[in-house]
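Some notes on the structure that comes next.
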Amino acid sequence: MSPQVELLSCREAQELVPLFVDGELDAARMRAVALHGAQCALCDGEIRQLERLQLVLRDHIEQRLAGVASEDLWKRIESKLRKPPLPWWRRLHEAAAAWRWQPQVLWPAFAVFAIAALATALYLRTNAPVGTTGGTMVAGAEPPAWIDSLEADVGSVAVIDDLQNHTTVLWVSDELPLAGGNDR
């Protein structure tokens, strides 16, 4: 017993024709498109036209490839490829090698530089103006003022930070909030 072949409409067959010509359909669909093409002149013409186009393209590509010298093809391709960037430590090592520095000299020099940078940062941090080590800066105050804590004898105080605009707003109200949070 032979398997039953699916009958396709012209619209269904025409959607499958490119896949049929490329051989990308499963066996059942290949048989269905072939059967439809044998019975429909319009679809058969489209199949034949795509097959001819495929042959013309294949011949054209083969002619173009015949003129390419394959011996140095990969060398030409590699020369046009962009090499991935080297990590910073590898670039530093290559620069040191180009300057004929020895790693025995380079790493201690790097360590001295790092210690000097750290000492400079610590010196600048300890010599900062008084009151600039924490808290919130008061806008427009000359010299700048910093708020480390806030106490109030009023009904309510709100501190609103707008991080996007780098703004801090202090809102002070001498009205006591109502129980339950209802405004009247």
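Observations, loosely collected:
- With each label modelled as a point 7 angstrom along the Cα→C-beta vector, the Ala66-Arg31 pair spans 4.0 nm.
- The Rg/Rh ratio of segment 1-83, with Rg taken over Cα atoms and Rh as the Kirkwood radius over Cα pairs, comes to 1.25.
- Relative contact order of segment 1-83, taken over Cα pairs closer than 8 Å and 6 or more residues apart, is 26 percent.
- Gained length - Trp74 relative to Tyr123, 0.36 nm times residue gap less alpha-carbon distance: 11.9 nm
- Neighbourhood net charge (12 Å Cβ-Cβ; Lys/Arg +1, Asp/Glu -1) for Gly45: -1
Since every read-out is calculated from the coordinates, none of them should be taken as a lab result. Please read these numbers as outputs of a predicted model, since none were measured by experiment. Quick reminder, even Gly has a Cβ in these numbers, built from the backbone with ideal geometry, and neighbours come from all protein chains shown.
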